[in-house]
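Below: the structure, in structure tokens.
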Amino acid sequence: MRGAQSIPYKEMPLRIIWSVAFLTVVGLIVLNSISQQYQDGKILDTPFTKQFLFLFPAALIAYIIIFIPRYTIHKYTYAMYVLGIIFVLLPFTGNPHAGTYRWLDFGLPFSIQPSEFAKVFTTLALARYLSDHTLQMKHFTSIIIPIGLALLPTLIVMNQPDLGTAIVMMIPILPMLYWSGARPFYLFLVLAPIFSMVTAFHTTAFTLWALILGVVIITSRPNLVWSLFLFFGNIFLGLLSPYAWNSLTLYQQNRILTFINPEKDPLGAAYQIIQSKTAIGSGGILGKGWGEGTQTHLKFLPVQDSDFILSVIGEEMGFMMISTVLIVIGYLIMQILKRSFLSKDRFSSLALIGIAAILLAHVFVNTAMTVGLIPVKGLPFPFISAGGSFLIATYIMVGLVLKLSVNYAD
Amino acid sequence: MMLKADNIASSRQYYFAVGITWVLITVLILRFFQIQILGYAQYSQKANTNRIRKVTTSAPRGLILDRNGQILVDNLPTYILKAVPGELSQKGKTFGLISDIIGLDSNTVLKNYKKYYRGRFIQTRLAKDLTFHQVSKLEENRLNLEGIYYQQFPERYFPSDVKASHILGYVKEVDRSIRESSTNSNEYELGDIIGWTGLEKRYEHYLRGQRGVQFYQVDAFGREVGYVADFLPRDPEPGQNIITTIDIDIQKKLEYLMEKRRGVIIVGIPDTGEILGAVSAPDYSPDLFTGMILEDDWNSVLYHPEKPLVNRFSQGLYPPGSIVKMITGAVMLDNPDFDPHFEQKCEGVYQFGDRIFACWYQNGHGSVNLTSAILNSCDIYFYKNIHYYKLDKLAQYFRLFGFGQPTGVDIVGELIGTVPTTSYMNNRYGRFGWSKGALLNFCIGQGEILVTPMQVFNYVNLLATRGQTFKPHFVNVDQILETIAPTFNKSTWDRLIFDMGQVITHKNGTGKSALPLIPGMKVYGKTGTAENPHGEDHAWFVGWMNYNEKKYSIVVLLENAGSGGGVAAPVAREVFTDIVKVNQLVAK
């Protein structure tokens, strides 16, 4: 066994470290503003204090990861993956927490959200599988196993139910398959049935989709039987889905609709979006100033310390800070992509692009939700939203990025 | 080593990934530009003048009525006093003024304020149960009470002069622990009212209304200035009323009879299983649980030696004594070799194995057959006949009459008691730890057998209707099921019912004093004097009366009061008399 090596600090990607530091500090400043509302005693209960205290174990874990040899990480990925699956199943054995099974209660003053960690472990397991089996990637069937690998924890998390995290868990599979050389056409085939079923409810959309499907199949030229099967299989699936839908009871349909689009409940989600947009819009270019946001402090803004924290930034610090935050996190993701591209081994390269995809998914889903571009999904913004499990999981990813992006032998 | 697999990502793939990242980030930034720069004027106006606050209002619960539509449980509009902490300029002075006006200790006001505080701009409760009078006095001082608001709140109120506390049950305010333990946390909000015991709990889904939601516009200081046009308010929907089977007049009489006594009376209609009145004494005043309970009041009820909170009619377990002798009689009558006219000798004592079993009448009843054994409640007759049967045979007949299982009465938390079987006895005493003497005790309702008065009520209904009754109940909204019932020959039923008539009318009958002096009324019954480890015997009287082709059944249990014939039967007579009086009043 080789022991821990000395760390080549000079090789450390400083741009990544500075970006992370900047975003973390912005998060603390915003949380401190929100925490003013908790003025009567109990300082330990404010989101700022909690986040600040979680920062130490988070940074420590990230630091420790730098010392773990690369092959050790590679060796234990599957074990961690299985552990992650067990971990997300555990909440189902206990009592539901506000009607969901997302949280694990160990009797500590805080609960743990296992899906945050399972998300990282799943990505690592995918990176290992794809780097170990990369030669067969040209076959369509060989992308089935990695998809199954990601699908298993995703389905469990979906049942917790936590659609936001489930989406984030599935997202890395596409760029990672693309990265490892799977034909884009196969990725298209994976997504095609979903489009076929969804567009089937709208005639124009379905016609348009059928055209696209035809063009893509013709241009990528599989043999005749195969392409006919793909085309008509999809069309058939699409035509079938309205019947499948109608066979559900009204109650089941409504359950699915509110699951996909919570704004169906106008007193709940629509109200949240209006308040969020009002907070952001009234911030203007420079914002109302730290601690001065009326939407925030009059509590019009819901879940302001996590899901809607960007709305607080928008209200108090304005467009300037919002665009800075978005550009910095875009820059951070780009740096990770660059390290992934430059990486000398395939496992590191795939793990890095997976992590980049997770971060981008969080950023896009969370931000698009606060500005009303997509339905409300409870998903936090990396480094800024309050939440112990999420912060630690994010810093584990940072540790992995720092570790895997430095190309020295081990 | 797989790690040595080379990275094969091409620069084309890299630029494509970077491109997608920046496209998504740019879309987001453009959206912020649209909202914050282009929409600034619109949204900042909205933020200043058009703030929306969501306020929920609680819905009044449904009323609980008696069988004739008289109100048992009503709602009383009371007021809650609230403060918005951010608007209180001089907290101490304001609280002092409030406590002067409403006559509440200013420390209590401050304590509530701290207890319910959730944020600077969130309304915090200071006091509840204010009357309209108190609120109007506060309104006179409006100018000195900046940041103080009040809200109407419907509370439970008991207008009739019956208590019926164990039937009606009480409600509770939903707190954090209740909310977290409910399956759907959105169903109740903090401060909502939930049925906690009795009918309030059992019929919660009828009684609870749907709370209303209103969206107010509030100004920059958080003060409400009007409704919001975009969001339509939803008015609170009151809960549904439920009509019970209780008759207020009968219930009142029962409560009067049980004052200063301990025990249970249940009166009902055997043909339907409806309960006209039920008392578990001692009881408590139902408004004990509304409003602010003083700690002393609460403790005095909770730690009272006679346990007024226990619902004796479905949670009290008692030895039944001789009132179950008709079951033993039925076991024997079902045996074709048994002759009910055959006489046994009662000499006051009976030796079985090495044990001596005594009759309650120590001089002995002389020659007795089944009828005379039931009417004078001779124990020896049953001892001498039952030892031909197995313990489990007797247990099976007890179960046919509903013992050892829930009656299904619509009050949550019913106990099932004990019907001893061979396996029960083996488990409890070991295979050789008990003898057939247990059977002798069991056949006269002593020993291990334990029953609730509600099971006894069901048993009486079965006898009165020859097994054609329904489960005992207080409310008719849900479908009422027929109860488990034994099927006997007509001759068996005839014999049992005839003997129960003899208990009342025969010159030696133990239940003579249950018969009122009302021409045309027939009474059937059985007394019981149950020995128990808690002192004096429990007195039982069970039976029914037939008057104007109507049947009314009754169970009387007086804890540690003496003999059934001497104490419980006269109570039944008073109830029978009263039922006739009440019904004639209604007939007019």
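Of all residues in the stretch A:361-376, how many are away from chain B (no Cβ under 14 Å) and crowded, with 21+ Cβ neighbours inside 10 Å? Outline the logic, then answer.
Let us first name the residues in the stretch A:361-376 that are away from chain B (no Cβ under 14 Å), namely A:375-376.
Still in the running and crowded, with 21+ Cβ neighbours inside 10 Å: A:376.
Matching residues across the stretch A:361-376 total 1.
The conditions of being at the interface with chain B (Cβ under 10 Å from one of its Cβ atoms) and over 28 Å from residue A:71 (Cβ atoms) are not met by residue A:337. Among residues of the stretch A:193-212 that are farther than 15 Å from residue A:243 by Cβ, those with a Cβ under 7 angstrom from a residue that is aliphatic (A, V, I, L, M), sequence gap 6+ or separate chain, pair up as A:193/A:237; A:199/A:205; A:210/A:235.
Close contacts from the stretch B:10-33, counting a first residue that is more than 23 Å from residue A:179 (Cβ to Cβ) and a second that is among the aliphatic types (A, V, I, L, M) and part of a helix (DSSP H, G or I), with Cβ to Cβ under 6 Å and a gap of 6+ residues or different chains, come to B:28/A:326; B:29/A:326; B:32/A:322.
Among residues of the stretch A:294-317 being more than 9 Å from chain B (Cβ to nearest Cβ) and more than 18 Å from residue A:23 (Cβ to Cβ), the one that is surrounded by the most Cβ atoms within 10 Å (Cβ to Cβ) is A:296.
When the stretch B:396-423 is filtered for residues that are under 13 Å from residue B:445 (Cβ atoms) and free of Cβ contacts under 8 Å to residues at least 40 places away in the same chain, the ones remaining, listed by number, are B:419, B:420. Residue B:99 falls short of the stated requirement of being surrounded by fewer than 16 Cβ atoms within 10 Å (Cβ to Cβ) and modelled with pLDDT of 80 or more. Among the candidates B:586, B:542, the residue that is closer than 27 Å to residue B:247 by Cα, aliphatic (A, V, I, L, M) and modelled with pLDDT of 95 or more is uniquely B:542. Exactly one residue out of A:379, A:373, A:360 is under 14 Å from the mean Cα position of the chain (by Cα) and modelled with pLDDT under 90: that is A:379. For residue A:324, the criteria (1) modelled with pLDDT of 95 or more; (2) in contact with a Ser or Thr (Cβ under 9 Å, 6 or more places away or on another chain) hold in every case but one, which is (2).
Looking only at the stretch A:322-334, filter to residues that are crowded, with 20+ Cβ neighbours inside 10 Å and more than 7 Å from chain B (Cβ to nearest Cβ); which one of those is farthest from residue A:352 (Cα to Cα)? The residue in question is A:325. Evaluation of residue A:283 against the conditions (1) buried (at least 22 other Cβ atoms within 10 Å of the Cβ); (2) more than 9 Å from every other protein chain (Cβ to nearest Cβ); (3) outside any helix (DSSP H, G or I) shows that the sole unmet condition is (2).
Just a yes or no: is a residue in the stretch A:353-366 in contact with a strand residue (DSSP E or B) (Cβ under 9 Å, 6 or more places away or on another chain) and not charged (D, E, K, R)? Break it down into steps so the answer makes sense when it comes.
Initial filter on the stretch A:353-366 (in contact with a strand residue (DSSP E or B) (Cβ under 9 Å, 6 or more places away or on another chain)): none.
No: zero hits.
Scanning the stretch B:152-169 for residues that are in contact with a Phe, Trp or Tyr (Cβ under 7 Å, 6 or more places away or on another chain) and within 20 Å of residue B:58 (Cα to Cα) yields a count of 2.
Which members of the stretch A:49-71 meet the condition of being at pLDDT 90 or above and not aliphatic (A, V, I, L, M)? Of everything in the stretch A:49-71, those that are at pLDDT 90 or above and not aliphatic (A, V, I, L, M) turn out to be A:51, A:52, A:54, A:56, A:57, A:63.
Against the numbered list (1) of a type in the set (Val, Ile, Thr); (2) over 17 Å from residue B:396 (Cα atoms); (3) in a loop (DSSP other than H, G, I, E, B), residue B:460 comes up short only at (3). Annotation note: Cβ proximity below 8 Å between a residue of the stretch B:471-486 that is in contact (Cβ under 8 Å) with a residue 24 or more places away in the chain and a residue that is acidic (Asp, Glu) and surrounded by fewer than 17 Cβ atoms within 10 Å (Cβ to Cβ) (sequence gap 6+ or interchain) occurs for B:471/B:482. Among the numbered conditions (1) more than 22 Å from residue B:452 (Cα to Cα); (2) in contact with a Cys (Cβ under 7 Å, 6 or more places away or on another chain); (3) crowded, with 16+ Cβ neighbours inside 10 Å, the only one that residue B:366 does not meet is (3). All told, residue B:442 meets the bar of being of a type outside the set (Lys, Arg), touching a residue at least 40 places away in the same chain (Cβ under 8 Å), under 19 Å from residue B:387 (Cβ atoms) and in contact with a Leu (Cβ under 8 Å, 6 or more places away or on another chain).
Which residues, taken from the stretch B:341-397, are in contact with a Leu (Cβ under 9 Å, 6 or more places away or on another chain), of a type outside the set (D, E, K, R) and more than 19 Å from residue B:496 (Cβ to Cβ)? So that I can check it myself, show each step before the final result.
First, the residues of the stretch B:341-397 that are in contact with a Leu (Cβ under 9 Å, 6 or more places away or on another chain): B:341-342, B:350, B:352, B:355, B:357, B:370, B:374, B:379, B:381-383, B:385-387, B:389-391, B:394.
Still in the running and of a type outside the set (D, E, K, R): B:341-342, B:350, B:352, B:357, B:370, B:374, B:381-383, B:385-387, B:389, B:391, B:394.
Selection gives B:350, B:352, B:357, B:383, B:387, B:391.
Can you name the helices (runs of 4 or more DSSP H) wholly within the stretch B:116-224 that have at least 1 residues being loosely packed, with under 15 Cβ neighbours inside 10 Å, within 14 Å of chain A (Cβ to nearest Cβ) and at pLDDT below 85?
Details: elements: B:132-140, B:165-168, B:176-181, B:198-202, B:204-207.
Here the list reads B:176-181.
Considering the stretch B:7-56 alone, what residues qualify as being at pLDDT 75 or above, within 21 Å of residue A:334 (Cα to Cα) and not in a helix (DSSP H, G or I)? Scanning the stretch B:7-56 gives B:9, B:10. Scanning for something modelled with pLDDT of 85 or more and away from chain B (no Cβ under 11 Å), does the stretch A:249-260 turn up at least one residue? There is no residue in the stretch A:249-260 that is modelled with pLDDT of 85 or more and away from chain B (no Cβ under 11 Å). Is it the case that some residue within the stretch B:513-525 is of a type in the set (Gly, Ala, Ser), part of a loop (DSSP other than H, G, I, E, B) and surrounded by fewer than 19 Cβ atoms within 10 Å (Cβ to Cβ)? Yes.
The values are calculated or read from the model by the stated rules, or taken from the named source; none is laboratory data. Here the structure is a predicted model, which means the values were calculated and not measured. Counting neighbours? That spans all protein chains shown, and the Cβs are built from the backbone with ideal geometry, glycine included.
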